[in-house]
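Working notes, beginning with the structure itself.
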Amino acid sequence: MIFLQISGNNVPMVLFFGTIAMLGLTIGLIVFIIFHQRKVIRFQMQLQKMEYDQQKMLLNASIKLQEEERQRIAADLHDDAGPLLATARLYLNENLVNLDKTTQLQSIYNAKQIIDDTIQLIRNISHSLMPPTLKNFGLESAVNDLFQKISSSGSMNATARFHDYRERLQPETELIIFRVIQELVNNILKHSNASFIHLTQNTNNNKFFVRLHHDGRGLTQADFDKLNKSSVGLGLKNIQSRLRVLHGKIFFEKDISQTYFKVTIELIKENSNASS
Amino acid sequence: MLTFLSIVGLFFEILPLILFFVRFKKTAKIPELRVLCFYTALVLLSGISASIFRNNAVFLLHVFSICELFLFSSIFYLCIRRDNTRRVIIFISCLMVLFLIIILIFSTTRFDFISTLAIALLILTYSIIFYYEQINQPEELIIYQSHKFWIVTGCTIFYSGTLFIFLYTSDMKDKTHSSLWEGANATFEIIKNICFSIAILIAGRNANKHLSFESYDTNPFETPF
């Protein structure tokens, strides 16, 4: 209370400067808050915009990939199925013109052969769109099937081991995981020059993990993030957009031994029965 | 000078009330503005009653202080969003009201500056809490687009400006000091009422201007390729 015991003459001075100081402090505080808030909001906006740009890029990548897929199917149908069916039609047409029994039988046989080839071709296209093994037997069988095909080519040794896959996931989830694995394996085959790929699957704390190991040239998380932000790396963006649907994560890292590269896919495991 | 200030002060005291009723359709929906309107009416009423009942002016001032604290606490309760802080406001304000009532019962005829000072410090603390909350969780794109900001700013400027005046009220015995007190008080009252008027004027206008980054990108759906 010493502060309050100032003699009467000094009161106006203290009062004046005290009031000015308090006002200065208050106005300073308000101005600081206004500027600080604007700065924070601007920063948040930038973050939101970056996220938005990233999403836009992913969407573009997925649309582009979809278009490429359509073009591939269109090309397969137009270039392979089209001429085959046209040839079969020619053979069958010949039956109407040529009445010789032997020639007719020969042309029917040829037409049948061509139609068989066309059926096989359409089956291949259909299988590439939705692998029947995946649909009928699940992710484990589909991955094993894919890896067997890679191994049988002789260029690379591909193995897979599913540790905890007693219950199948939802069909859409399985398809997305399979597509991601396919894309990753495709990248490894194209760019890494690896001699083996090993896939392991496990679950932990209601999380579903798939890990790919390979001994070639690989990506680290920094590379992945960099490629994701750039205009190149369409396949990686597609992986990202597919995993986003499942609220999944992907991690690219180098093994502690610095010999292998690891790619880990992490998903929240959903109860297939409950969700269906 | 004092007469001029008191006339201008009276106009600005009525202004928030006028604006409230002019924009009644919008302002009546906002609870903090309803409380603010009630407060402004109370200030007017206390001024009138103090001039009529001059003998009981100190008693009236005490009653007004209690009502003022109650109303300002309500405003801060409505402006602050965090539940824990709101609970603290209720608790502290209740304690303070109790303290003021005790002072009112046992008070002498002199104006008690401690209670006024305590109210001022409490309101300033609430204001800082409000600003802190606004920094962490901004409600509006720009803080001064919010009517809450103007209400709180009005309170903050008024109480920070008059804090030292309240502090030295007991030392100001002669008439010169008393007129100084009245002049400064009237000036800050005017500033406070201007802030309250701005709050009433802008209330309800920024309903759609919440945090959004769309304004940064005028054409978000450009062709992908």
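The values are calculated or read from the model by the stated rules, or taken from the named source; none is laboratory data. On a predicted model such as this, the values are computed, not experimentally measured, just so you know. Every residue, glycine as well, gets a Cβ built from its backbone with ideal geometry; the counts of neighbours run over all protein chains shown. To get the accessible areas, we keep the full protein, side chains included, count just its heavy atoms, and leave off ligands, DNA and RNA. Shrake-Rupley method; radii C 1.70, N 1.55, O 1.52, S 1.80 Å.
Summary table below
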quantity: Residue in segment A:145-165 that is under 30 Å from A:Ile268 (Cα atoms), in the same structural domain as A:Phe209 (by TED's automatic domain parsing), without any contact (Cβ under 8 Å) to a residue 24 or more places away in the chain and polar (S, T, N, Q) present; calculated: yes
quantity: Selection within segment B:126-141 - facing chain A (nearest Cβ under 7 Å) and either part of a loop (DSSP other than H, G, I, E, B) or open to solvent by 20 Å² or more (accessible area, probe 1.4 Å) (or both); calculated: B:Ile135, B:Pro138, B:Leu141
quantity: Matching residues, segment A:33-53, being more than 9 Å from every other protein chain (Cβ to nearest Cβ) and under 30 Å from B:Leu124 (Cα atoms); calculated: A:Phe35, A:Lys39, A:Arg42, A:Phe43
quantity: Residues within segment B:22-50 that are over 23 Å from B:Phe70 (Cα atoms) and of a type outside the set (A, V, I, L, M, F, W, C), tallied; calculated: 3
quantity: For A:Lys101: the one exception among (1) exposed (fewer than 11 other Cβ atoms within 10 Å of the Cβ); (2) under 30 Å from A:Ile239 (Cβ atoms); calculated: (2)
quantity: Qualifying residue in segment B:94-110 (condition: open to solvent by 80 Å² or more (accessible area, probe 1.4 Å), β-branched (Val, Ile, Thr), more than 18 Å from B:Ser146 (Cβ to Cβ) and not in a helix (DSSP H, G or I)); calculated: yes
quantity: Residue in segment B:46-56 that is farther than 30 Å from B:Ile202 by Cα, assigned to a loop (DSSP other than H, G, I, E, B) and either aromatic (Phe, Trp, Tyr) or modelled with pLDDT of 85 or more (or both) present; calculated: yes
quantity: Lone qualifier among A:Leu85, A:Leu77, A:Leu58 - being more than 19 Å from A:Leu121 (Cα to Cα) and within 41 Å of the chain's Cα centre (by Cα); calculated: A:Leu58
quantity: Condition broken by A:His78, with the remaining ones in (1) farther than 26 Å from A:Leu267 by Cβ; (2) open to solvent by less than 80 Å² (accessible area, probe 1.4 Å) satisfied; calculated: (2)
quantity: Matching option when the condition is open to solvent by 30 Å² or more (accessible area, probe 1.4 Å) and within 19 Å of B:Leu33 (Cα to Cα), among B:Cys79, B:Cys67; calculated: B:Cys67
quantity: Every residue from segment A:241-250 that is open to solvent by less than 80 Å² (accessible area, probe 1.4 Å), touching a strand residue (DSSP E or B) at 6+ places or on another chain (Cβ under 8 Å) and either not in a loop (DSSP other than H, G, I, E, B) or not small (Gly, Ala, Ser) (or both); calculated: A:Leu243, A:Leu246, A:Ile250
quantity: Condition met for A:Thr19 (open to solvent by less than 80 Å² (accessible area, probe 1.4 Å), more than 11 Å from chain B (Cβ to nearest Cβ) and either within 30 Å of B:Glu139 (Cβ to Cβ) or modelled with pLDDT of 80 or more (or both)); calculated: no
quantity: Cβ pairs under 9 Å, 6+ apart, first in segment B:175-194 and at pLDDT below 75, second of a type in the set (A, V, I, L, M, F, W, C) and surrounded by fewer than 18 Cβ atoms within 10 Å (Cβ to Cβ); calculated: B:Ser179/B:Met1; B:Ser179/B:Leu2; B:Leu180/A:Phe16
quantity: Any hit, segment A:183-205, residues being out of contact with any His (no Cβ under 8 Å at 6 or more places or on another chain), of a type outside the set (D, E, K, R), under 17 Å from A:Gln240 (Cα atoms) and surrounded by fewer than 16 Cβ atoms within 10 Å (Cβ to Cβ); calculated: yes
quantity: Filter result for the condition that a residue is open to solvent by 60 Å² or more (accessible area, probe 1.4 Å), closer than 30 Å to A:Ser231 by Cβ and either within 14 Å of chain B (Cβ to nearest Cβ) or not β-branched (Val, Ile, Thr) (or both), over A:Lys64, A:Lys135, A:Lys56; calculated: A:Lys64
quantity: Number of positions in segment B:9-41 that are open to solvent by less than 20 Å² (accessible area, probe 1.4 Å) and either within 17 Å of B:Ile191 (Cα to Cα) or not in a helix (DSSP H, G or I) (or both); calculated: 6
